[in-house]
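The values are calculated or read from the model by the stated rules, or taken from the named source; none is laboratory data. Because the structure is predicted, anything quoted here is derived from the model rather than measured. Glycine also receives a Cβ, built like all others from the backbone with ideal geometry; neighbour counts cover every protein chain displayed. For accessibility, only protein heavy atoms count, side chains too; no ligands or nucleic acids. Shrake-Rupley method; radii C 1.70, N 1.55, O 1.52, S 1.80 Å.
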Amino acid sequence: MAPLALGVAPFGLVVGATAAEEGLSTLQAVGLSVGVFAGASQLAAIDLLGAGAPLLVVIATALVINMRMVMYSASLAPHVRELPRRRRLAMSYLLVDQAYALSVLRWERHDEPVRVRFAFYLAVALPLWTIWQTTTLVGAVVGSRVPDGVPLSFTVTLVFLAVLVPSLTDRPRIVAAVVAGGVAMGARGLPADLALIVGAVCGIAAGVWAEARADTGGGA
């Protein structure tokens, strides 16, 4: 977790500082962070709240951005279906990109009892949650006093690259990543951050196609 934590911490500072700049109180910024616990949708919600957007628009935008969590949870479900519902509910609250990536990579490589899988998930997710809430609070308190020349926002990209690269272990996954990234970049003009969803769907389709080609000896 240590390398990812080094990237998550500046991301949390950015979210907290942005909340302060948009006029949210420290309590509001922390409450939003605890309730939502998702960096991209928090930033979108903060921008919309600062612009005076209706609450329903804010909620709808956050839901659209977080739709990738449906795919994440569906991918994790077969590995933890034996767990009691209350534990799976706790996992759903703590689910973020980094917790998903590290957990699914381990679970696919190691055949472990479900209690060990749950323990590993908590060992990844709880430190992430703690770091995120702490740095969001610090960012909200410090506010706009972070110098403009400090490239905190660039760490967001580094965090996701650190999660993505270790998972690119075969050609279908590489195809999926390239297509998803290319489509998302090309669709940046879509409203409500739909480019993320469109890119994800296209990436999945490309990965399935590449895997089918490999299974049938089609050269992929």
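Quick check on Ala19: is it open to solvent by 40 Å² or more (accessible area, probe 1.4 Å) and under 18 Å from Ile131 (Cα atoms)?
It is false that Ala19 is open to solvent by 40 Å² or more (accessible area, probe 1.4 Å) and under 18 Å from Ile131 (Cα atoms).
Quick check: anything in the stretch 165-181 of a type in the set (Val, Ile, Thr), part of a helix (DSSP H, G or I) and modelled with pLDDT under 85?
Yes, there is a match, as at least one residue in the stretch 165-181 is of a type in the set (Val, Ile, Thr), part of a helix (DSSP H, G or I) and modelled with pLDDT under 85.
Would it be correct to say that Ala74 is open to solvent by 20 Å² or more (accessible area, probe 1.4 Å), in a helix (DSSP H, G or I) and over 29 Å from Phe118 (Cα atoms)?
no
With the requirement that a residue be over 15 Å from the mean Cα position of the chain (by Cα), of a type in the set (Val, Ile, Thr) and closer than 24 Å to Val8 by Cβ, what does the stretch 35-58 give you?
Ile46, Val58 - these are the residues of the stretch 35-58 that are over 15 Å from the mean Cα position of the chain (by Cα), of a type in the set (Val, Ile, Thr) and closer than 24 Å to Val8 by Cβ.
Could you pull out the residue among Thr61, Thr135 that is open to solvent by less than 30 Å² (accessible area, probe 1.4 Å), within 17 Å of Ala9 (Cα to Cα) and in contact (Cβ under 8 Å) with a residue 60 or more places away in the chain?
Thr135
Restrict the check to the stretch 185-196 and report whether at least one residue is of a type in the set (A, V, I, L, M, F, W, C), exposed (fewer than 14 other Cβ atoms within 10 Å of the Cβ) and either under 24 Å from Met91 (Cβ atoms) or modelled with pLDDT of 85 or more (or both).
Yes, the stretch 185-196 has at least one match.
I need the full set of residues from the stretch 88-120 which are surrounded by fewer than 14 Cβ atoms within 10 Å (Cβ to Cβ) and closer than 21 Å to Trp132 by Cβ, in order please.
Within the stretch 88-120, Leu89, Ser92, Tyr93, Ala119 qualify.
Taking Ser92, is it free of Cβ contacts under 8 Å to residues at least 24 places away in the same chain, polar (S, T, N, Q) and assigned to a helix (DSSP H, G or I)?
Here the answer is yes, as Ser92 does meet what is asked.
So, of the residues in the stretch 22-44 that are closer than 13 Å to Val64 by Cα and modelled with pLDDT under 85, which turns out to be surrounded by the most Cβ atoms within 10 Å (Cβ to Cβ)?
Once the filter is applied, the top-ranked residue is Ser41.
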